[in-house]
Amino acid sequence: MRLQVQHITEYTYENQVFLGVHHLYLMPQYRLHFEIAEQSMLIDPLPENQSSRQDLSGNFYSLIWFSDLTNSLKITSSLGLELKSFNPFTFLVDDQFIQSFENSPYPRFNYSGLEKNLVSYFIFDDRVEEFQNLISHCWKGSYDLIGFLVRITSAIKERWDHIIRHEEDIWEPRFTFNSKKGSCRDLAWMLMNILGNLGLASRFISGYAFNPELNDGHELHAWLEVFLPGAGWIGLDPSLGLLTDHRYIPLAAHAKPKLASPVQGSFSGLGNSTLTTNVQIKLIES
């Protein structure tokens, strides 16, 4: 499968401003299920300079900075991608980890060895009674971790309305939970916090998800990955209620959602800014 992606990000400012340093997470992060056939990026105004870098989480990004005043910033990213089909269920989790849960009305898993220290940053352990009730409902029995992840991801799809929000913020997990609705990023952040109640490490992903039934009007998408020893990072999409497959193209992964935003930067000057984005994904050949 070959895809063509065009992603336009445009900021307009009420007055002329100085642009600060920007980090552009617009190059797909390496995954085995796709290859980048072509890639280009146009930035207006032209930056003073730019450099390719990698952050602590392993994400590649472009570092850019400016020197002149401007009323706008427009970034046009174009990608050609070759996707390879894969089955998201072809993995095995270490038996020791599956059997590590503490026996209680809802499970509590425990990482061991070096992983125990490394994953602590990715665990969000805010014990909320409402979360625990949902966990107990979806947990069906001993050692059924994979079945649980499928059931709880599907349950969020069935019980929460997926809405489009153009605001740049992200709702608090408890607010999303009680509202019974949320954007893709709200639902992903909520599920990350729910899984933290089980001791499971997860990270927030922003990127593209190709829907072959959608002709136009694509948007940036958000989902999450949970770390399972022996299997690695496994993608879950609570907006659609499924495990992620080859149609998902990650741009950035981070424990903190704000640090997974495709465009990160600041400006100095008077007045507000307005953000508009447009993502078009076309199937070139199947």
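The values are calculated or read from the model by the stated rules, or taken from the named source; none is laboratory data. Keep in mind it's a predicted model, so treat the numbers as computed, not measured. All Cβ positions, even for glycine, are placed from backbone atoms using ideal geometry, and neighbour counts span all protein chains on display.
Could you list, in sequence order, all residues of the stretch 37-51 that are part of a strand (DSSP E or B) and surrounded by fewer than 17 Cβ atoms within 10 Å (Cβ to Cβ)? Passing the criteria: ALA37, GLU38, GLN39, SER40, MET41, LEU42, ASP44, ASN49, GLN50, SER51.
Take LEU134 and tell me if it is among the hydrophobic types (A, V, I, L, M, F, W, C) and exposed (fewer than 11 other Cβ atoms within 10 Å of the Cβ).
No.
Screening GLN54 against (1) in contact (Cβ under 8 Å) with a residue 40 or more places away in the chain; (2) exposed (fewer than 12 other Cβ atoms within 10 Å of the Cβ); (3) within 20 Å of the chain's Cα centre (by Cα) leaves a single unmet condition, (1). On inspection, GLY232 qualifies as surrounded by fewer than 15 Cβ atoms within 10 Å (Cβ to Cβ), of a type outside the set (Asp, Glu) and not assigned by TED's automatic domain parsing to the domain that holds ALA37. Only a single criterion out of (1) under 20 Å from the mean Cα position of the chain (by Cα); (2) farther than 27 Å from GLU225 by Cβ is not satisfied by GLU48, namely (1). Exactly one residue among TRP171, TRP160 is in contact with an Asp or Glu (Cβ under 7 Å, 6 or more places away or on another chain), among the aromatic types (Phe, Trp, Tyr), in the same structural domain as GLN132 (by TED's automatic domain parsing) and within 23 Å of GLU219 (Cα to Cα), and that residue is TRP171. Looking only at the stretch 6-36, residues that are over 23 Å from PRO88 (Cα atoms) and assigned to a strand (DSSP E or B) come to 17 in all.
Determine whether the stretch 138-150 contains at least one residue that is touching a residue at least 60 places away in the same chain (Cβ under 8 Å), out of contact with any Leu (no Cβ under 9 Å at 6 or more places or on another chain) and either among the small types (Gly, Ala, Ser) or surrounded by fewer than 13 Cβ atoms within 10 Å (Cβ to Cβ) (or both). So far as the stretch 138-150 goes, no, none of its residues is touching a residue at least 60 places away in the same chain (Cβ under 8 Å), out of contact with any Leu (no Cβ under 9 Å at 6 or more places or on another chain) and either among the small types (Gly, Ala, Ser) or surrounded by fewer than 13 Cβ atoms within 10 Å (Cβ to Cβ) (or both). Only one of the listed residues (LEU275, LEU251, LEU270) is surrounded by fewer than 15 Cβ atoms within 10 Å (Cβ to Cβ) and in a strand (DSSP E or B). That residue is LEU275. If the condition is being over 16 Å from the mean Cα position of the chain (by Cα) and modelled with pLDDT under 95, then the stretch 152-165 contributes only ILE163.
Conditions (1) modelled with pLDDT of 95 or more; (2) crowded, with 22+ Cβ neighbours inside 10 Å; (3) of a type in the set (Val, Ile, Thr); (4) not assigned by TED's automatic domain parsing to the domain that holds ASP125, marked per residue:
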position: ASP186; (1), (2), (3), (4): yes, yes, no, no
position: LEU191; (1), (2), (3), (4): yes, yes, no, no
position: LEU198; (1), (2), (3), (4): no, yes, no, no
position: PHE210; (1), (2), (3), (4): no, no, no, no
position: LEU214; (1), (2), (3), (4): no, no, no, no
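LEU56 meets the conditions (1) under 28 Å from ALA255 (Cβ atoms); (2) out of contact with any strand residue (DSSP E or B) (no Cβ under 6 Å at 6 or more places or on another chain); (3) assigned to a strand (DSSP E or B); (4) not β-branched (Val, Ile, Thr) in every case but one. The failed one is (3). Only a single item in (1) in contact (Cβ under 8 Å) with a residue 24 or more places away in the chain; (2) closer than 24 Å to ALA253 by Cβ is not met by PHE66, and it is number (2).
Considering the stretch 166-182, and only residues there that are of a type in the set (A, V, I, L, M, F, W, C) and without any contact (Cβ under 8 Å) to a residue 40 or more places away in the chain, the residue that is surrounded by the most Cβ atoms within 10 Å (Cβ to Cβ) turns out to be TRP171.
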